[in-house]
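Remarks on the structure that follows.
Please treat every number below as a calculation from the coordinates, not as lab data. Remember, it's a predicted structure, so these values are computed and weren't measured experimentally. Cβ: placed from backbone, ideal geometry, glycine included. Neighbour counts: every protein chain shown.
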Amino acid sequence: MSSSSTITYTRHDARTLPLNCDVAEFHPTRKERLLVACYELKESKDESVPASREGALHVFDVDDEGCLSECATSAANIVPSGVFDAKWRPNSDSDSLLAVALADGTTALYRVDDGSDGIQQVSTSGSEDEDVGMTLFCDWSVTGERLASTSHAGYARLYSVAPDGSLNVISEWQAHDAEAWCCAFNRTGDVLYTGADDAELRVWDLRSSASSREDAPPMALRDRRTHGAGVTHVSPSPHDSNVVLTGSYDECIRLWDIRQPSRPVLRSDAPELRTGGGVWRLKWHPQNSRVVLCALMYEGFSVAQVDTASATMTLSGFYSEHGKNALAYGADWRADGSMVATCSFYDRLLHIWTPQGISSSSP
C-alpha cells in the first residue's frame with residue numbers, strides 16, 4: 001500500500017519531549033495512564049570522550065477527550081541509561097509496576113506513585129558486561145509473576161518477580177547469535193518467543209525446569225527461512241491463543257497459526273502484507289480481534305485489519321503527522337480502545353489520536 005493513502009483519524013493532543021522517544025504504553029487497567037520512555041545517544045565534542053546514553057520515563061494522564069496532562073511528580077524522571085523498552089505489569093491496579101529494558105545491559109523495575117514519590121526504582125538485575133550487551137526488550141507473563149528480556153548480544157533472560165518487586169534470574173541463555181530484538185510470552189506463560197537480527201523466530205518451551213541457571217530451555221521451533229531480515233516484534237493475540245503476528249525489517253507483517261508452526265498462514269509474497277516500512281511494533285486492539293496498530297519506522301503508523309478465518313490482512317492507510325524523517329517507534333491502544341498514543345524518534349513527538357471506522361468489539 002502506498003504511503004499516499006491516509007488513514008481517517010481524529011487528532012486530539014500532542015507534546016514534544018526533551019529527548020528522543022521510543023516507547024508509548026498505556027496502563028492495562030488504569031485507562032487514562034500513559035507511559036512514554038526515551039533514549040538518546042549524546043555524542044561528545046571531544047573525540048577522546050566516549051558517547052553517553054541518556055533516558056527518561058514520563059507519565060501522563062489522558063482524559064476521555066484525548067487531552068494530555070503530565071503527572072507533576074514525573075516531570076524530570078531521568079534514568080541513568082537510555083530506555084529501549086518498558087512495560088506495565090499486567091493485571092495490577094494498585095502497584096503500577098514498570099519493567100524497563102535499559103541500554104546499560106540491565107532490566108529494572110520501577111514503581112509509579114501518584115503521591116510525592118513519583119517514579120522510584122524498586123529493583124534491577126543484569127550486568128553491564130559487554131558480552132551480554134544492551135537490554136533491548138522485555139515482556140511480562142500474563143499473570144505478572146515472570147518477566148523476560150532479550151539483549152543486543154542475543155541473550156535471553158527469564159526472571160521471577162517476588163511480591164516485594166525484587167527480580168530473581170531463573171535462566172539466562174544465548175538465544176540467538178545476533179541482536180535479539182524482541183521476546184513475548186504466550187497466554188499461558190509456558191512458551192517464550194524470541195526474534196533477532198539473524199532473521200530467525202525461535203520458540204522456547206519453559207515448562208521444563210533447567211538444571212542450572214545457564215541452561216537454555218528446550219527449543220520447540222526454529223524458523224530461519226520465512227523472514228527476509230531481522231525479526232523485530234512478536235505479538236501473540238490476546239484474543240486467540242493460536243494466533244501470533246511477527247514484524248520484520250523486511251517490511252512485512254506475518255500471521256501465524258501456532259498449531260501449524262512450519263510456515264506462516266500468510267506468505268511473504270502476499271501484497272497486502274507489505275507495509276512500505278520496517279515493522280517495529282504490532283499492538284492488538286484490546287477488544288476487537290481484527291484490528292492491529294502498527295509502528296512502521298520511516299513509513300509512519302498504520303492500522304491493519306486482520307481476518308484469521310480467511311487468512312487475509314490489509315492496511316487501512318497511514319498516519320503521517322509525525323516528522324517526515326522521524327522513526328515511528330512507540331504505539332499503543334488505550335485500554336478501552338477509544339484512542340491511541342504514538343511517539344517517534346528524532347522529532348521527539350507524542351501524539352494522541354483516534355482511528356475512525358473501527359468497531360470497539362469484534363464482528
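Numbers at a glance
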read-out: Amide hydrogen neighbours beyond the local backbone of GLY300, cut-off 5 Å, H modeled; value: ALA328
read-out: Linear extension gain, VAL142 paired with THR124, 0.36 nm per residue minus alpha-carbon span; value: 4.4 nm
read-out: Under the Karplus curve 6.51 cos²θ - 1.76 cosθ + 1.60, θ = phi - 60°, whole-Hz ³J(HN,Hα) for segment 62-68, x wherever Gly or Pro sits; value: 10, 7, 5, 8, x, 8, 8
read-out: Amide proton proximity set for GLY277, modelled H, under 5 Å, gap of 5+; value: none
read-out: Whole-number Å³ per residue for the convex hull built on Cα positions in the chain; value: 133
read-out: Kirkwood hydrodynamic radius (C-alpha pairs) into Stokes-Einstein, segment 287-359, 25 °C and 0.890 mPa s, D in µm²/s; value: 193
read-out: FRET efficiency, 1/(1 + (r/R0)^6) with R0 25 Å, evaluated for ASP164 and SER212 via beta carbons; value: 0.50
read-out: Summed residue charge, Cβ within 9 Å of LEU34's Cβ, Lys/Arg positive, Asp/Glu negative; value: -2
read-out: Cut-off 10 Å between beta-carbons: net charge of the residues surrounding GLU172, Lys and Arg +1, Asp and Glu -1; value: 0
read-out: Amide H within-cut-off set for SER171, under 5 Å, with H built and near neighbours excluded; value: LEU158
read-out: Local electrostatic count, THR16, Cβ distance below 10 Å [Lys/Arg +1, Asp/Glu -1]; value: +1
